[in-house]
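The values are calculated or read from the model by the stated rules, or taken from the named source; none is laboratory data. In this text, all values refer to a predicted model and were calculated from it rather than measured experimentally. Here the Cβ positions follow ideal geometry from the backbone for every residue, glycine too, while neighbour counts run over all protein chains shown.
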Amino acid sequence: MLPMRESVREPQPNVLKALSFRPDSSELIYPDFATLTAFEHVRDQYRGLGIRFDGAIALQPSHPAFAEECSPLVVMPMAGRSSIHAYFCQPRRRVGAVVVGARQIKITACDRHHRPLTRCMAGSHQPTLSQKTVSNLLPQHPVELFADGIMRIVFESNAPFILKQVCFS
């Protein structure tokens, strides 16, 4: 069994600016991915904060398109998977994230019965990573989802993507 980690850190300044959260965002909970180790499967490490993950692994981005201004560790889908699921221990109303992807990323908020409550798309149809150059970095996409009773968030794409940060209240 993996040790439980209950760490919260302030959001990165550029991330807080990018998200439209108001200055009273002190009520938001930010799991700190920097407490993970490279290649660690991300599951129950943040259960004490009220969130657990499925299908996720902590990695340090090696592709230059993902690397600029990146925190040391990010979360990506595990090999062979195209999605990351985040489950909340109690219903949430507000979930934010910063994602970077080679193509569009669909983010869906679901209720306790796995019914979609709301969804959004982040990013756009981009060239494949093999067509990217070091000077052509992939943009960060801040997203926010609001709905009563959010119990699960699904991040999915048909191309590589990273989850840089997630927060919720």
Problem - Subset of region 151-165 that is surrounded by fewer than 23 Cβ atoms within 10 Å (Cβ to Cβ) and hydrophobic (A, V, I, L, M, F, W, C) - its residue that is farthest from V100 (Cα to Cα) - result: M151
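Considering region 90-102 alone, what residues qualify as being touching a helix residue (DSSP H, G or I) at 6+ places or on another chain (Cβ under 7 Å) and in a strand (DSSP E or B)? Break it down into steps so the answer makes sense when it comes.
Kept after step one, since they are touching a helix residue (DSSP H, G or I) at 6+ places or on another chain (Cβ under 7 Å), are these residues of region 90-102: 98, 100, 102.
Scanning region 90-102 gives V98, V100.
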Problem - Filter pass, T37 being loosely packed, with under 14 Cβ neighbours inside 10 Å, over 12 Å from the mean Cα position of the chain (by Cα), polar (S, T, N, Q) and modelled with pLDDT of 90 or more - result: yes
Exercise for the section: Mind listing just one residue for me: the one in region 13-34 that is aromatic (F, W, Y) and in a loop (DSSP other than H, G, I, E, B) and, of those, modelled with the highest pLDDT? Expected result: Y30
